[in-house]
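In what follows, a single structure is set out as structure tokens and then discussed.
Since every read-out is calculated from the coordinates, none of them should be taken as a lab result. All values reported here derive from a predicted model rather than from experimental measurement. Here the Cβ positions follow ideal geometry from the backbone for every residue, glycine too, while neighbour counts run over all protein chains shown.
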Amino acid sequence: MTKIFQPFSTMYEFDSGALNPQGKLISRRLSDMSSMYQDSEAVQALLNDNPLIYEVYNVEVPENEEHIQHCTTILYPGKVGSEFFMTKGHYHEIINRAEIYFCLKGKGLLIMQTKEGEFSSLEMEPGTIAYVPPYWAHRTVNTGDETFVFFAAYPGDAGHDYGLIETEGFVKAVMEQAEKYALVANPSYRKENEIGE
Ligand SMILES: O=P(O)(O)OC[C@H]1O[C@](O)(CO)[C@@H](O)[C@@H]1O
Ligand SMILES: [Fe+2]
């Protein structure tokens, strides 16, 4: 007989962006993603302090197609050189799985790209519901000076594939320019792959 999963709820803490109960917490510091930032001198200068860049509070549900994974992400304000703090970014392991983001606090940018090199970005502020369609890699960036918090939901079997982003990078980097953000072409996008070709 199929075991029936019991309904449950989780509390969102409006001040911090955390979830209660906490569930599986992912914390990423600069050292976890140092090669992803453009300015390697700025990375070196910050690595001693090794700032906390973001935290993901995951509600624990089984990772299969019956369930919906959901979590909050707290992305701290800050820059590495002039590049804003950001998440690592990933494709879903099952690449045709979509995701929904709901911005709760602060402001940021959701950048997305396909394996064909198509690029897209969406601004997020409290109230924005952003849709990441199937096949799009996604990364969020804190473009403000307070914590940027959003809720995410995605199919339970989606998984995370970081490989291609680690080797190719994103098409564009989000940099501070004249107290705003600018999307700047990433000179190292696809470099490793091109060298290998
Ligand atoms: O997995 P990354 O790219 O480090 O970033 C974490 C992101 O992944 C998700 O957990 C799921 O796609 C997002 O909610 C969260 O912002
Ligand atoms: Fe995702």
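Brief remarks follow.
- Between the beta carbons of residue 26 and residue 102, assuming R0 = 22 Å, the FRET efficiency works out to 0.70 to the nearest 0.05.
- Length gained on full extension, residue 8 to residue 114, computed as 0.36 nm times the residue gap minus the Cα-Cα distance: 34.6 nm.
- 3J(HN,Hα) along the range 140-150, derived from phi through the Karplus expression 6.51 cos²θ - 1.76 cosθ + 1.60 where θ = phi - 60°, amounts to 10, 9, 8, 9, x, 10, 10, 5, 10, 10, 9 Hz, with x in place of Gly and Pro.
- Highest-first arrangement of 106-113, 45-52, 4-11, where packing means the average Cβ count within 10 Å: 106-113, 45-52, 4-11
- For the range 161-177, putting each phi into the Karplus relation 6.51 cos²θ - 1.76 cosθ + 1.60 with θ = phi - 60° gives couplings of 10, 9, x, 5, 5, 5, 8, 9, x, 9, 4, 10, 10, 9, 10, 7, 8 Hz, in residue order, rounded to whole numbers and with x for Gly and Pro.
- Under 23 Å from the Cα of residue 105 - lysines, other chains or at least 8 residues apart: 24, 79, 88, 180
- The helix-only estimate of mean residue ellipticity at 222 nm for the chain, built from DSSP H runs of length n ≥ 4 each weighted as -39500 (n - 2.57), is -2500 deg cm²/dmol after division by the residue total.
- Amide hydrogen neighbours beyond the local backbone of residue 83, cut-off 5 Å, H modeled: 176
- Inter-label distance, nm, simple model (7 Å from Cα along the C-beta direction), residue 63/residue 42: 3.2
- Using 0.36 nm per residue and subtracting the Cα-Cα separation, the extra length available between residue 176 and residue 15 on full extension is 55.3 nm.
- Phi-based couplings in Hz for the range 94-104 (Karplus 6.51, -1.76, 1.60; Gly and Pro marked x): 8, 5, 8, 9, 8, 8, 10, 10, 10, 6, 10
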